[in-house]
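Right, one structure below, let's go through it.
Since every read-out is calculated from the coordinates, none of them should be taken as a lab result. Not measured: the values here are computed from a predicted model. Don't worry about glycine lacking a Cβ; one is built from the backbone with ideal geometry, like all the others, and counts go over all protein chains shown.
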Amino acid sequence: MACGECQQSNFWEKLGRCTQCMWQLSVVSVLGWSAWGYFYRETPTQVESIALLFFCAAASILLLAHGIKYVYLKFIENAA
């Protein structure tokens, strides 16, 4: 990654600080959920469908964690 936040090794220091990572996760989530809806909505018990569901869920949860921490950091910054 190009930003200074992503060069840090501690996961908690990266979370919510890198907007580039958040944009990438947004694109991955939208593309992943769209692919699942288009290809596997009719057959949700296939192995490929379940694997894509786990991938999409993990990306969405990580995006949610980034968003929550981003809002928290902005709130703390404004309160100080």
- Query: Using θ = phi - 60° and the Karplus curve 6.51 cos²θ - 1.76 cosθ + 1.60, what whole-Hz ³J(HN,Hα) does each residue of the stretch 59-73 get, with Gly and Pro shown as x?
  - Reply: 5, 5, 5, 5, 5, 5, 4, 4, x, 5, 5, 4, 5, 4, 5
- Karplus couplings for the stretch 31-36 from phi (6.51 cos²θ - 1.76 cosθ + 1.60, θ = phi - 60°), rounded to Hz, Gly and Pro as x? 5, x, 5, 5, 5, 5
- Quickly estimate the mean residue ellipticity at 222 nm for the chain, helices only: each DSSP H run with n ≥ 4 gives -39500 (n - 2.57), and the total goes over all residues, rounded to 500. -25000 deg cm²/dmol
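Given a Förster radius of 35 Å and the C-beta distance between Ala57 and Gln7 as r, what FRET efficiency does 1/(1 + (r/R0)^6) yield to the nearest 0.05? Show your work: numbers first, answer last.
Working: r = 28 Å, r/R0 = 0.79.
After rounding to 0.05, the efficiency reads 0.80.
Using the Kirkwood radius over C-alpha pairs as Rh, can you work out the diffusion coefficient of the stretch 5-79 via Stokes-Einstein at 10 °C, viscosity 1.306 mPa s, in µm² per second? Don't jump to the answer; show the numbers that get you there.
Details: Rh = 13.7 Å.
Value of D from the Cα-based Kirkwood radius: 116 µm²/s.
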